[in-house]
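In what follows, a single structure is set out as structure tokens and then discussed.
The values are calculated or read from the model by the stated rules, or taken from the named source; none is laboratory data. What you see is a predicted model, and the numbers here were worked out from it, not measured in a lab. Reconstructed Cβ throughout: ideal geometry from the backbone, glycine too, with neighbour counts over all protein chains shown. Surface areas here come from the heavy atoms of the whole protein model, side chains and all, with no ligands, DNA or RNA. Shrake-Rupley method; radii C 1.70, N 1.55, O 1.52, S 1.80 Å.
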Amino acid sequence: MTDKKIAEHQISPTHKTRASPIARYAVWIIFTLFTILCIYEHVWWLALITGAFVVLGFRDRFQSHHAILRNYPIIGHMRFLFEEFRPEIRQYFIESDTDELPFSRDQRSLVYQRAKKENDTRAFGTISNLYEGGSEWMTQSIGAMTLKDHDFRIVIGGKDCLQPYSCSVFNISAMSFGALSANAIRALNRGAELGNFYHDTGEGSMSPYHLESKGDIVWEIASGYFGCRTLEGKFDPEEFQSKATNPQVKMIEIKISQGAKPGLGGLLPAGKVTPEIARTRGIPVAQDCVSPPAHTAFTTPRELIAFIKQLRDLSGGKPVGFKLCIGHPWEFMAIVKAMLLTDTYPDFIVVDGAEGGTGAADVEFMDHIGMPLRDGFLMVHNTLVGAGIRDKIRVGVSGKIISGFDVARMLALGADWCNSARGFMFALGCIQSRSCNTDRCPTGVATQDPYRQQALVVPDKAQRVKNFHEGTLAALAEIMGAVGVTHPDDLEPYHVIRRGPDGQIRLFSKHYYFLKDSSLITGEEQSDVYTQLWAMANPDTFNPNAGYLIPHGTESPANQRVELVSHS
């Protein structure tokens, strides 16, 4: 074939498929002709309607923001309409019961049924592929039993704590007033009171709606120090003390980072800073509210430990701890070294996984920043075990925990308790419309629109919050009874099995790596990863000890390459 024929062969299909202007403007032309016809026949009301579409066509054709509308006047709006309803179309008509985006229909249905005390059983067998890589299950015992009580509790409070707290093993994770509506906060706290478990305030501080009922509160203090800040945004000890001594406040949680957006600050635009939110947070009305990415009350591991002690003293000896999503592992190890050197310990630590939810965050942060829950928890748990202080500190976890199995799995790995945020949002009626950042939540959960949140009836939803908590713990009790243990503390890693991508099955005790007690202190630890990171940790700075950094392509002092790898 000659070059000329090749060129003709390549070009000719383009000419054949090119749409003519008449085809692209067909709808606009039809509306124009129909309008003329209506005017000719004196059908004025119809002429007004079709004429409006003609004017819309003119606007579309000569605007400069949307190429689709310039090429396809009027009809191009269909594309944007379908795009607007795409999430709902997918959720209701396309996705399967097990598609997790981020929670499957099966998971959501389980919460709805338990919250309403409806039948939550399934018929005709599992719809999951149990031979697929990643599938997990508990090992049941021949000596299974029925547990009469499912109100499982632990005591949080170390040697310096004067007011230990008896904590449920399943609680409401951090969600702020401002992100959630007033009625949602009311229902959550009332549900916590009815079910005898705690409600974390989130970083937005305690609003009047947290205090209308008497549900237990964990007050979260973040980098913005909302509710206990000076006009300049610094920590205010006197303001903190006046609120922390409230009997309803059971524990204080310092938020270092959040799983869904670790290392990222926040901005509440001036337009959303209502007088109500301004009073709650202690900020000026109608001004941008900036939550910085890092704290100003401490800048080193030792200063963080001193801040923990200060908050414990100011609160009257209540349990004080911190929440974080693991980033640089040596930074957490540096905090542990500061604990050892000062003989001062937090009463608890909450590990937030990168799979956690939020009202709004950059896609890059949600998808690619922070360590997932199991990996992050094991880094914390192993470090505390290796440092010989795991028995001094309770460790909770949060991040996509919905079912009794989700709770049992994390407790088997070594967690002391679990928190859930989106699970309790579902109990409130959330339908996963994923419109939390638009202020147009259709169920009144995540909005400040006073008309939308009227749809959330507090007494009804509070009971559903309580029911979901109770149903989840009842399911946990059934799982534990099947395993043959009587308390969550008795669950062990060998009670859970995971199938790998190669089809082989392994006990969690073999699938994950676990340190021996005090092995980091005695020097007996065999893991090159943990020993290298431990050597990098410095209690006087969050920066690593540079002398122990391993440049790429070189060998460690033990002549073995050091790589931080995931065990999941």
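If Arg229 passes every condition in (1) farther than 29 Å from Ala294 by Cβ; (2) of a type in the set (Lys, Arg); (3) in contact with a Phe, Trp or Tyr (Cβ under 8 Å, 6 or more places away or on another chain) but one, which one does it miss?
(1)
Going through Gln454, Gln463 one at a time, which residue ends up being in contact with a helix residue (DSSP H, G or I) (Cβ under 8 Å, 6 or more places away or on another chain) and at pLDDT below 95?
Matching residue, one of Gln454, Gln463: Gln454.
From the list Arg302, Arg279, which one is in contact with a helix residue (DSSP H, G or I) (Cβ under 6 Å, 6 or more places away or on another chain), open to solvent by 60 Å² or more (accessible area, probe 1.4 Å) and either assigned to a loop (DSSP other than H, G, I, E, B) or of a type outside the set (Phe, Trp, Tyr) (or both)?
On the way: Arg279 fails: in contact with a helix residue (DSSP H, G or I) (Cβ under 6 Å, 6 or more places away or on another chain).
Within the list Arg302, Arg279, the selection yields Arg302.
Within segment 184-205, track down each residue that is open to solvent by 20 Å² or more (accessible area, probe 1.4 Å) and modelled with pLDDT under 95.
Answer for segment 184-205, where residues must be open to solvent by 20 Å² or more (accessible area, probe 1.4 Å) and modelled with pLDDT under 95: just Glu203.
From the list Ile521, Ile505, Ile479, which residue is β-branched (Val, Ile, Thr) and within 28 Å of the chain's Cα centre (by Cα)?
Ile479
Is it the case that some residue within segment 265-286 is over 30 Å from Arg434 (Cβ atoms) and touching a strand residue (DSSP E or B) at 6+ places or on another chain (Cβ under 7 Å)?
Within segment 265-286, one or more residues are over 30 Å from Arg434 (Cβ atoms) and touching a strand residue (DSSP E or B) at 6+ places or on another chain (Cβ under 7 Å).
Looking at Asp160, Asp149, can you tell me which residue is surrounded by fewer than 19 Cβ atoms within 10 Å (Cβ to Cβ), at pLDDT below 95 and assigned to a loop (DSSP other than H, G, I, E, B)?
Of the residues listed, the single one that is surrounded by fewer than 19 Cβ atoms within 10 Å (Cβ to Cβ), at pLDDT below 95 and assigned to a loop (DSSP other than H, G, I, E, B) is Asp149.
Mind checking which residues of segment 135-169 are more than 30 Å from Ala462 (Cβ to Cβ), in contact with a Lys or Arg (Cβ under 7 Å, 6 or more places away or on another chain) and among the small types (Gly, Ala, Ser)?
Ser135, Gly158
Within segment 480-525, how many residues turn out to be in contact with a strand residue (DSSP E or B) (Cβ under 7 Å, 6 or more places away or on another chain), touching a residue at least 40 places away in the same chain (Cβ under 8 Å) and surrounded by fewer than 15 Cβ atoms within 10 Å (Cβ to Cβ)?
Total meeting the criteria: 2.
Starting from residues that are of a type outside the set (Gly, Ala, Ser) and open to solvent by 30 Å² or more (accessible area, probe 1.4 Å), keep the ones in segment 370-402 and report whichever is nearest to Met175 (Cα to Cα).
Lys400
Quick one: how many residues across segment 347-366 are free of Cβ contacts under 8 Å to residues at least 24 places away in the same chain and either surrounded by 23 or more Cβ atoms within 10 Å (Cβ to Cβ) or among the aliphatic types (A, V, I, L, M) (or both)? Show your work before the answer.
Of the residues in segment 347-366, the ones free of Cβ contacts under 8 Å to residues at least 24 places away in the same chain are 363-364.
Applying the additional criterion that residues be either surrounded by 23 or more Cβ atoms within 10 Å (Cβ to Cβ) or among the aliphatic types (A, V, I, L, M) (or both) yields 363.
Qualifying residue count, segment 347-366: 1.
Within segment 128-141, does at least one residue satisfy the condition of being at pLDDT 90 or above and within 30 Å of Gly317 (Cα to Cα)?
no
Quick check on my filter: what residues within segment 305-324 are part of a helix (DSSP H, G or I), in contact (Cβ under 8 Å) with a residue 40 or more places away in the chain and open to solvent by 10 Å² or more (accessible area, probe 1.4 Å)?
Once the filter is applied, which keeps residues that are part of a helix (DSSP H, G or I), in contact (Cβ under 8 Å) with a residue 40 or more places away in the chain and open to solvent by 10 Å² or more (accessible area, probe 1.4 Å), segment 305-324 yields Lys309, Gln310, Leu314.
Do any helices (runs of 4 or more DSSP H) entirely within segment 1-117 hold 1 or more residues that are at pLDDT below 90 and touching an Asp or Glu at 6+ places or on another chain (Cβ under 7 Å), and if so, which?
Details: elements: 3-17, 21-24, 26-40, 44-62, 67-71, 77-89, 105-115.
Filter on segment 1-117 gives 67-71, 105-115.
Among (1) under 25 Å from the mean Cα position of the chain (by Cα); (2) open to solvent by 10 Å² or more (accessible area, probe 1.4 Å); (3) of a type outside the set (Asp, Glu); (4) at pLDDT 95 or above, there is one condition Thr472 misses while meeting the rest; what is its number?
Here Thr472 meets the rest and fails (2).
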